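**Q** Structure incoming, see below.
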Amino acid sequence: MKPSYEEILSIQRNVDIVDIIKDYINLTPRGKNFFGICPFHDDHSPSMSVSKDRQMYRCFVCGASGNVFNFVKNYENISYYSAIKKVADKVGLSFSYKEKETTINPIQKKYYDIYNYASKYYQNNLKTSLGKTAKIYLKNRNITDDMIKHFNIGLSLNDNNLTKLLLEKGFIENELVEFGISNRIDNKTYDIYKNRIMFPLWDINGNTIGFSGRIYDSNQDGKYINTKETNYFKKGSLLYNYHNARKEILKENSVIVVEGFMDVIRLYSINVYNVIATMGTAVTKEHLNLIKRLTNNIILMFDGDSAGEKATNSFIKEAENESFKISIVRLEEDLDPDDYILKKGEEKIKYHLKHPKNLLNYKMDFLKKDLNFDNSKDISKYINLLKPELEKIEDDIEREVEINRISKQTGVDSKLIKSKLKTKVKQEKKEFIKDKIDYKTNKYEKASKMILYFMLKNNDLIDYYYENLSFLPNKDDNLLANQMVLFYKKYNCFNLNDFITYLEDKSNLINEILQIESYNYKINCNKEEIDSYFKSVKEYIKNKKIEELQIKLKNETNDIVKKEIAKQILDIRIKGV
């Protein structure tokens with residue numbers, strides 16, 4: 001049995017949409033509303049508005065809109081009732097409805113099940129007497145029991161017991177080999193990971209989808225063995241620790257991006273939680289989109305060696321045109337963050353994180369390494385490469401300071417440098433509001449939209465519409481009007497947010513009513529104006545009926561029937577509908 005509208009409405013009225021959406025994307029107050037990067041299209045600047053007063057959201061670019069339940073449903077790609085349950089759980093409210101489990105891809109479910117079993121198996125191994133040596137190794141690396149538990153660190157043994165266990169649970173050999181958990185040699189299936197400390201790798205929702213196995217016995221070959229790429233484990237679309245770090249990133253409104261998962265774990269040990277890792281792969285568009293959902297502020301702290309510098313420059317090249325504010329930490333002595341903390345200590349790396357270089361200063365240091373400032377061409381090249389960064393600086397004082405610094409470095413007059421920069425045009429971003437209805441069709445479409453608009457703004461017109469018209473030409477318009485009438489008749493009032501909850505996940509109707517509601521038109525209308533719109537719709541109905549009868553007349557061969565059809569057409573023309 002489906003939950004009642006009243007039960008769902010009670011949950012909706014006891015949550016704040018701003019607080020819920022803040023758990024998913026970063027929101028910035030602007031005027032009465034909050035704005036953030038829209039997660040439903042490739043957004044480059046905040047285009048989603050969230051209204052605390054109306055308890056609704058709307059993207060002014062892609063049109064995504066609705067209430068708190070619609071947002072969670074669409075963001076997490078779950079059912080409407082699952083979204084209500086998730087919202088209720090977040091604020092400690094009960095929601096009794098239990099939805100039938102949705103059928104997911106059976107192969108994907110097997111993949112998740114296999115890796116879930118494997119992760120628990122490895123964790124259990126580390127707790128046994130067989131894990132004593134590995135525990136000592138981890139302790140010597142300053143990996144505490146709390147860290148082991150938080151990151152689900154485990155241990156693979158020098159046997160094939162995991163493969164045997166999974167086969168006993170009903171999985172087949174081909175699946176274990178295809179999914180990268182086992183290997184087949186001479187028609188026998190073996191565990192891939194042996195005698196390694198196991199670090200689970202997760203997707204953005206926290207499902208275990210891979211492992212990185214690290215040697216702790218020097219007799220083994222290869223420092224790490226990683227899960228092979230599969231349909232569900234693709235480094236280009238995953239960021240290590242994303243699901244754990246999401247709330248902290250939103251809270252801090254910044255993210256620290258490192259290369260390896262051990263860097264994340266080490267930073268966690270010194271209470272730095274807003275950190276994720278690219279797992280050693282080049283940054284992708286998918287990575288950036290995931291980050292953009294949470295923050296525009298990135299601190300890059302890749303390894304301190306030349307490879308880390310190359311990875312830093314590659315990341316910057318991919319990300320700098322995506323509206324990110326990028327800062328950079330470069331660690332001395334070619335150290336990665338994990339080794340740096342162990343060698344230099346917590347205070348020193350935290351100092352670096354509090355004082356990262358901005359992108360301009362990083363580029364200045366990087367570029368001047370290979371340039372000769374006694375050479376005019378090199379000086380010109382240097383200044384021209386820095387121009388785009390100077391032009392991005394909005395603060396006049398900060399820009400002046402940086403121009404003077406470059407002038408002092410190169411000997412080029414600061415006024416000349418300034419003259420080469422594009423003039424900064426300050427533009428305030430304003431919330432988009434339609435100032436008129438966009439009619440690309442005809443007066444009948446206009447009449448329908450205006451009828452809906454005034455029904456929405458003046459609830460008494462809902463009854464007036466029901467008694468004097470009860471039909472609109474467009475299918476969705478007509479359905480929306482009917483739903484408004486039903487709601488009004490049942491509850492004897494009309495509130496937009498409650499009505500959206502009543503519509504559940506009928507996204508086409510929700511989008512339409514929010515589109516109509518956004519029209520910047522007068523609120524009140526007189527009887528003559530609304531009747532003129534009714535008249536237009538009735539004219540449409542009359543013309544439609546005449547058109548249908550004329551087609552029927554054209555195809556009719558019986559003279560008596562033809563005469564009757566002609567009379568019907570005449571009656572409609574004289575008397576109307």
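**Q** So which helices (runs of 4 or more DSSP H) are wholly in region 94-198 and hold at least 2 residues that are over 30 Å from Lys343 (Cβ atoms) and outside the structural domain of His243 (by TED's automatic domain parsing)?
**A** Passing ranges, in order: 106-127, 161-168, 173-178.
**Q** While we're on this one: Condition (residue is part of a loop (DSSP other than H, G, I, E, B) and basic (Lys, Arg)) applied to region 365-383: is it met by at least one residue?
**A** yes
**Q** Can we say Thr163 is more than 36 Å from the chain's Cα centre (by Cα), modelled with pLDDT of 95 or more and surrounded by fewer than 12 Cβ atoms within 10 Å (Cβ to Cβ)?
**A** So Thr163 does not fit the description; no.
**Q** Taking region 22-67 only, how many residues are acidic (Asp, Glu) and within 23 Å of Glu252 (Cβ to Cβ)?
**A** Of the residues in that region, 2 qualify.
**Q** Give the residue, chosen from Arg266, Arg246, that is assigned to a helix (DSSP H, G or I), touching an Asp or Glu at 6+ places or on another chain (Cβ under 7 Å), more than 30 Å from Ser182 (Cβ to Cβ) and not assigned by TED's automatic domain parsing to the domain that holds Ile153.
**A** The unique qualifying residue is Arg266.
**Q** Further question on the same structure: Looking only at region 459-506, count how many residues are in contact (Cβ under 8 Å) with a residue 24 or more places away in the chain and outside any helix (DSSP H, G or I).
**A** So the answer is 10.
**Q** Give Asn241, Asn296, Asn253, Asn289 a once-over and let me know the one that is modelled with pLDDT of 95 or more and closer than 23 Å to Ile25 by Cα.
**A** Among Asn241, Asn296, Asn253, Asn289, only Asn241 is modelled with pLDDT of 95 or more and closer than 23 Å to Ile25 by Cα.
**Q** Another one. Pairs under 8 Å by beta carbon, first residue closer than 16 Å to Asp16 by Cα in region 86-109, partner at pLDDT below 90 and in a helix (DSSP H, G or I), six or more apart or different chains?
**A** Pairs that qualify, where the first residue is closer than 16 Å to Asp16 by Cα and the partner is at pLDDT below 90 and in a helix (DSSP H, G or I), are Lys86/Glu76.
**Q** Quick check on my filter: what residues within region 199-211 are closer than 16 Å to Asp263 by Cα and either of a type in the set (A, V, I, L, M) or not in a strand (DSSP E or B) (or both)?
**A** Within region 199-211, just Leu201 meets the criteria.
**Q** Then there is this: Residues of region 142-160 being surrounded by 13 or more Cβ atoms within 10 Å (Cβ to Cβ), over 36 Å from the mean Cα position of the chain (by Cα) and not aliphatic (A, V, I, L, M), which ones?
**A** The answer is Asp159, Asn160.
**Q** State all residues of region 387-422 that are of a type outside the set (Lys, Arg), closer than 20 Å to Ile326 by Cβ and in a helix (DSSP H, G or I); if no residue qualifies, say none.
**A** If the condition is that a residue be of a type outside the set (Lys, Arg), closer than 20 Å to Ile326 by Cβ and in a helix (DSSP H, G or I), then Pro388, Glu389, Leu390, Glu391, Glu398, Val401, Glu402, Ile406 are the ones that fit.
**Q** Tell me which residues, restricted to region 34-88, are touching a Lys or Arg at 6+ places or on another chain (Cβ under 6 Å) and of a type in the set (Val, Ile, Thr).
**A** Hits for region 34-88 are Ile37, Val72.
**Q** Within region 166-182, track down each residue that is loosely packed, with under 15 Cβ neighbours inside 10 Å and of a type in the set (D, E, K, R).
**A** Correct list: Glu168, Lys169.
The values are calculated or read from the model by the stated rules, or taken from the named source; none is laboratory data. The model shown is predicted, which means the values in this text are computed figures rather than measured ones. So basically every Cβ, Gly included, is an ideal-geometry build from the backbone, and we count neighbours across all protein chains shown.
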